[in-house]
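**Student:** Submitted below is the structure of interest, expressed as structure tokens.
The values are calculated or read from the model by the stated rules, or taken from the named source; none is laboratory data. This is a predicted model, so every value here is computed, not measured. Because the Cβ atoms are built from the backbone with ideal geometry, glycine has one as well, and the counts that use them run over all protein chains shown.
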Amino acid sequence: MPILNRVADLQPDIQAWRRDIHENPELLYDVHRTAAFVADRLREFGCDEVATGLGRTGVVGVIKGRKPPGDGDIRVVGLRADMDALPIQEATNLAYASKTPGKMHACGHDGHTAMLLGAARYLAETRNFAGDAVLIFQPAEEGGGGAAAMIRDGLMDRFAIDQVYGMHNGPGFPIGTFAIRTGPIMAATDSIDIRIEGLGGHAARPHKCIDSVLVGAQLITALQSIVSRSVDPLESAVISICEFHAGNARNVIPQTAELRGTVRTLTAEVRELVEKRVHEVIAGVAQITGAKIDLVYERGYPVTVNHAPQTDVATRVAREVAGDGNVHEMPPLMGAEDFSYMLQARPGAFIFCGNGNSAGLHHPAYNFDDEAIVFGTSYWIRLVENTLAA
């Protein structure tokens, strides 16, 4: 495939950009160096417009094709990459490992940004399409909702985006493969913060106390019944209580306990059900035990839902790049993605690009595999050239 050969020629530059970004990780919206690096490259490539400051630190590049779109054709397609890193101490011992203690690109956003920059360079050189390619470089995917912030700043309307596409690397998927599905592909994520107020006292006199530890244990067990007994077995949900803080002495029943956890769901209906049942279960445990239990239930990213027509387009393009046998239908993941906000605003699709047998995402030993660059970059290019066919 000629495009793969051309991208292979660009691979050393894309790899160098990726490793530079990897060495200099930034968190959430504080991606000032990365955003400036991206904006400088887009200007060097000759983008028709480079906009900065969307969603505080987001960058958008616009490349116009050689021909205007015809009547009824898709006029503008958006491609999104995320730029932020994670608050993790890197443990890779790479020559280009993070220079900033406690921060690293443990999710591959360095690779996402570099691959989209590579596509921008190619598209700006060739312009073999009709309409506008809008390249979206987003901050704060890792918990900050940067996609929603960019949309609030007018991303979709300002650039008249018709369709929008996202891509993430996938550890465990072989290099040169893609994975995608129609419908829910990643989960909604909500947070639970619980404070239990019991009655503290001496460990030898539990009958004079309301034991916040026992209440917390009962509450954790009861919450698990929501998934096992309230949610349809053919649906998916996860409730995980991952923090339990109480007490500081072995012979004192603590007055208070705090629990924190997460809820993951794949449909709006199950999300509503689980939230309702969490409130009901907590109220029930409070009544049974006599403890006062306060709940803060906060909704996070919505379900990431791929639209069927755009998923078909993405699948065809991925097969063109990787071959028919290397594009797989995947089950949904219970991780979350703020690209979900973009898919609520416009039709589109989210795809995974194989990262080989690497450490998992958010692991201190994770590293984006540079061998995936040719495939991911080529996917972006052919997606534009197919969607905006000249």
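**Student:** Confirm whether Asp312 is at pLDDT 95 or above and assigned by TED's automatic domain parsing to the domain that holds Phe352.
**Tutor:** Numbers: at pLDDT 95 or above: yes; assigned by TED's automatic domain parsing to the domain that holds Phe352: yes.
Judged against the criteria, Asp312 is a match.
**Student:** In segment 142-192, what residues are assigned to a helix (DSSP H, G or I), small (Gly, Ala, Ser) and in contact with a strand residue (DSSP E or B) (Cβ under 8 Å, 6 or more places away or on another chain)?
**Tutor:** Those that are assigned to a helix (DSSP H, G or I), small (Gly, Ala, Ser) and in contact with a strand residue (DSSP E or B) (Cβ under 8 Å, 6 or more places away or on another chain): Gly146, Ala147, Ala149.
**Student:** Take Ile185 and decide whether it is among the β-branched types (Val, Ile, Thr), in contact with a Phe, Trp or Tyr (Cβ under 8 Å, 6 or more places away or on another chain) and over 26 Å from Phe352 (Cβ atoms).
**Tutor:** So Ile185 does not fit the description; no.
**Student:** Within segment 279-308, track down each residue that is in contact with a strand residue (DSSP E or B) (Cβ under 9 Å, 6 or more places away or on another chain) and part of a helix (DSSP H, G or I).
**Tutor:** Within segment 279-308, His279, Ile282, Ala283, Val285, Ala286, Thr289, Ala308 qualify.
**Student:** Suppose we keep only residues that are assigned to a strand (DSSP E or B) and basic (Lys, Arg) within segment 232-278. Which one would you say is nearest to Ser340 (Cα to Cα)?
**Tutor:** Restricting to residues being assigned to a strand (DSSP E or B) and basic (Lys, Arg), the top hit is Arg264.
**Student:** For segment 334-357, enumerate the residues that are part of a loop (DSSP other than H, G, I, E, B) and within 18 Å of the chain's Cα centre (by Cα).
**Tutor:** Across segment 334-357, the qualifying residues are Met334, Gly335, Ala336, Glu337, Asp338, Arg346, Pro347, Asn355.
**Student:** Further question on the same structure: Got at least one residue in segment 204-218 being part of a strand (DSSP E or B) and either in contact (Cβ under 8 Å) with a residue 12 or more places away in the chain or not assigned by TED's automatic domain parsing to the domain that holds Gly144 (or both)?
**Tutor:** yes
**Student:** Oh, and also: So, in segment 175-225, how many residues would count as being in contact with a Lys or Arg (Cβ under 6 Å, 6 or more places away or on another chain) and surrounded by fewer than 20 Cβ atoms within 10 Å (Cβ to Cβ)?
**Tutor:** 3
**Student:** In the list Val305, Val281, Val296, Val374, which residue meets the criterion of being in contact with a Leu (Cβ under 7 Å, 6 or more places away or on another chain) and under 30 Å from Gly216 (Cα atoms)?
**Tutor:** After ruling out the rest, the residue left standing is Val281.
**Student:** Moving on. Given the criteria basic (Lys, Arg) and either out of contact with any Phe, Trp or Tyr (no Cβ under 9 Å at 6 or more places or on another chain) or buried (at least 20 other Cβ atoms within 10 Å of the Cβ) (or both), does Arg41 qualify?
**Tutor:** For Arg41, the condition - basic (Lys, Arg) and either out of contact with any Phe, Trp or Tyr (no Cβ under 9 Å at 6 or more places or on another chain) or buried (at least 20 other Cβ atoms within 10 Å of the Cβ) (or both) - is met.
**Student:** Kindly establish whether Thr34 is polar (S, T, N, Q), surrounded by 20 or more Cβ atoms within 10 Å (Cβ to Cβ) and in contact (Cβ under 8 Å) with a residue 12 or more places away in the chain.
**Tutor:** yes
**Student:** In addition: For segment 245-265, does any single residue satisfy the condition of being surrounded by fewer than 19 Cβ atoms within 10 Å (Cβ to Cβ), without any contact (Cβ under 8 Å) to a residue 60 or more places away in the chain, over 23 Å from Glu141 (Cβ atoms) and among the β-branched types (Val, Ile, Thr)?
**Tutor:** Within segment 245-265 (the criterion being surrounded by fewer than 19 Cβ atoms within 10 Å (Cβ to Cβ), without any contact (Cβ under 8 Å) to a residue 60 or more places away in the chain, over 23 Å from Glu141 (Cβ atoms) and among the β-branched types (Val, Ile, Thr)), the answer is yes, since at least one residue qualifies.
**Student:** May I pose another question? Filter segment 48-75 down to residues that are in a strand (DSSP E or B) and surrounded by fewer than 21 Cβ atoms within 10 Å (Cβ to Cβ) and give me whichever is farthest from the chain's Cα centre (by Cα).
**Tutor:** Out of the qualifying residues, it is Lys67.
**Student:** Has segment 30-42 got at least one residue that is under 22 Å from Phe350 (Cβ atoms) and assigned to a helix (DSSP H, G or I)?
**Tutor:** yes
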